[in-house]
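Reading through the C-alpha cells given below for one structure.
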Amino acid sequence: MRVCSLFVTFVPAGRDLGVFIDNSITFNQHVTYVYNVSLRLLGVIMRVCSLFVTFVPAVTLFKSLVCSRLQFASVVWNSITAAQSSRIEHIQRKFVR
C-alpha cells in the first residue's frame, strides 16, 4: 500500500499504549501476553514469599505487580470472550490457592 509516495506494510497486529490489537479486534494476542507475564510474575512471587512467615508480603506483591498488569487498560480490552476471561481469572484463582 502506498501513502504519500511511501510504502506502508501490513502487519497482522500492533501494540498501542501497551495493548496488543489485531485486525479483528479480538485482543487474543493481548490476553495471551498478559496471561504469560502475570503467570511468570506469580511464580516469582510465590517462590520469594515462601520464605516469609506471614502471607502479607505475597498479597502486597500480587496486588502491586500482577493485579496492576491485569487491570491496565482493561476498559479498552474488556470486550473479551468468556474463554479469554477465564484465562485471566485463572491467575487470580491460582494465587488464592
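Derivation of every value follows stated rules applied to the coordinates shown; laboratory data play no part. Treat the numbers as computed from the prediction; the structure is a model and nothing was measured. Virtual Cβ from ideal backbone geometry, glycine too; neighbours counted across all protein chains shown.
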Mean residue ellipticity at 222 nm from the helices of the chain, using -39,500 (n - 2.57) per DSSP H segment of n ≥ 4 over the full residue count, to the nearest 500 deg cm²/dmol? -15000 deg cm²/dmol
Using a 10 angstrom cutoff on alpha carbons, build the Gaussian network for the chain and name the most mobile of 20, 72, 55. 55
Relative to the longest principal Cα axis of the chain, at what angle does helix 82-96 sit, 0 to 90 degrees, rounded to 10? 30 degrees
So for the pair residue 75, residue 3, with labels modelled 7 Å out along Cα→Cβ, what separation do we get in nm? 2.6 nm
